[in-house]
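Step one of this worksheet: look at the structure below.
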Amino acid sequence: MASVHNIPAPDAVARLFNDLLGRRVIAKKSAVKQAVTPRSAGAFGLYGPTDEQIDGIVFCDVALACYAGAALSLIPAATVQPSIRAGKMADGTFENFSEVLNIARGWFDTPGQAPVKLRRCLPSPCELPKELIAMLIKPAERLDLDIEIDGYGAGKMLLVVK
Amino acid sequence: MKILVVDDSKAMRMIVMRTLRQAGFGEHTIEEAGNGVEALKNIEGTPADLILCDWNMPEMNGIDLLKKLREAGNGVKFGFVTSEGNPEMRQIATDAGAAFLITKPFTVDAFQSALQPVLTG
């Protein structure tokens, strides 16, 4: 069974967004670590070899998740501004963004091992099991990114692995 | 020619169709379906010349759709557009009769390279 233990380089993250959204995307390591909890507004992607074994988490704040979900369907940025202000994604935007998280599973792949899969996709605030909260607090590795989508806006992403 | 795009994500169907146009295949008739069952229904009336299909979908997934088509004697040109593309999956796809497998996220160049020989061959 595959286990998640790769953290992608910022360039790989930017490339995926770039290819998927068809527009220039810049990803840079954040100067400050994000304090992400299940109450943080945005979206979580949970990755692992089985539904029960989650070894990797991607969190995108509500701004990044909304901008990416909108850009994917060429929805104008202004359309998602109310959702960003309210801290809650619209269902359609979340559905679009889920596809980004699904394709992002490739970040965690290790050559020679079975592919890692996206197991769950959750709009947040949400409930997370204790072990996943623990992973957010004390991961084996983490990557905090500032991501800017050309023509839309900027947001933050956190990737952690157990 | 009719190209049928099969994916359970509406956003992804839109991206595939946009990429088809950017890759120079916009003159073809492009239709869409949300899963294998819908795809079979779509081609009942007008057969497709090429099916571009996701792998994981509810109701009927991509590989089951391909196998069903081949069992029925339907030799329609078929390619996968999917988020996973490990060697094992590529082998399964080839054995079942797929012409190519493109992994997401994809580029316009990837579409041109994969589709050009299939559509002109």
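Cβ-Cβ distances below 8 Å connect the following pairs, each with a first residue in the stretch A:118-147 that is among the acidic types (Asp, Glu), a second residue that is assigned to a strand (DSSP E or B) and at pLDDT below 95, and a separation of six or more residues or different chains: A:Glu141/A:Val161. Within the stretch B:92-106, track down each residue that is within 14 Å of chain A (Cβ to nearest Cβ), free of Cβ contacts under 8 Å to residues at least 60 places away in the same chain and in a loop (DSSP other than H, G, I, E, B). Across the stretch B:92-106, the qualifying residue is only B:Pro105. Taken together, B:Ala114, B:Ala99 contain a single residue that is within 22 Å of B:Asp8 (Cβ to Cβ), hydrophobic (A, V, I, L, M, F, W, C) and over 10 Å from the mean Cα position of the chain (by Cα), which is B:Ala114. For the stretch A:104-120, filtered to residues that are more than 10 Å from chain B (Cβ to nearest Cβ) and not hydroxyl-bearing (Ser, Thr, Tyr), the residue that is surrounded by the fewest Cβ atoms within 10 Å (Cβ to Cβ) is A:Arg120. Residues in the stretch B:45-71 that are assigned to a loop (DSSP other than H, G, I, E, B), of a type in the set (A, V, I, L, M, F, W, C) and within 21 Å of B:Val118 (Cα to Cα): 2 in all. Could you say whether any residue in the stretch A:45-53 is more than 14 Å from chain B (Cβ to nearest Cβ), under 21 Å from A:Asn6 (Cβ atoms), aliphatic (A, V, I, L, M) and free of Cβ contacts under 8 Å to residues at least 40 places away in the same chain? No, the conditions are met nowhere in the stretch A:45-53.
Total residues in the stretch B:45-88 satisfying the condition of being more than 14 Å from every other protein chain (Cβ to nearest Cβ), in contact (Cβ under 8 Å) with a residue 40 or more places away in the chain and surrounded by fewer than 20 Cβ atoms within 10 Å (Cβ to Cβ): the figure is 4.
Restricting B:Leu40, B:Leu4 to residues that are more than 20 Å from B:Thr107 (Cβ to Cβ) and within 11 Å of the chain's Cα centre (by Cα) narrows the list to B:Leu4. Being surrounded by 18 or more Cβ atoms within 10 Å (Cβ to Cβ) and part of a helix (DSSP H, G or I) is a condition met by at least one residue of the stretch A:86-93. For the stretch B:1-44, how many residues meet the condition of being free of Cβ contacts under 8 Å to residues at least 60 places away in the same chain, in contact with a helix residue (DSSP H, G or I) (Cβ under 9 Å, 6 or more places away or on another chain), part of a helix (DSSP H, G or I) and within 14 Å of chain A (Cβ to nearest Cβ)? Adding up the residues that qualify gives 4.
Scanning the stretch A:104-151 for residues that are within 28 Å of A:Val80 (Cβ to Cβ) and assigned to a helix (DSSP H, G or I) returns A:Ala104, A:Arg105, A:Gly106, A:Trp107, A:Phe108, A:Leu132, A:Ile133, A:Leu136. Evaluating B:Asn74 against the criteria (1) modelled with pLDDT of 95 or more; (2) part of a helix (DSSP H, G or I); (3) out of contact with any Leu (no Cβ under 7 Å at 6 or more places or on another chain) leaves one unmet condition, (2).
Condition check: within 20 Å of B:Pro105 (Cα to Cα), of a type in the set (Lys, Arg) and in contact (Cβ under 8 Å) with a residue 40 or more places away in the chain. Does A:Arg39 satisfy that? Give the derivation first.
Working: within 20 Å of B:Pro105 (Cα to Cα): no; of a type in the set (Lys, Arg): yes; in contact (Cβ under 8 Å) with a residue 40 or more places away in the chain: yes.
Judged against the criteria, A:Arg39 is not a match.
The values are calculated or read from the model by the stated rules, or taken from the named source; none is laboratory data. All values reported here derive from a predicted model rather than from experimental measurement. Cβ coordinates were reconstructed from backbone atoms using ideal geometry, including for glycine residues, and neighbour counts include every protein chain displayed.
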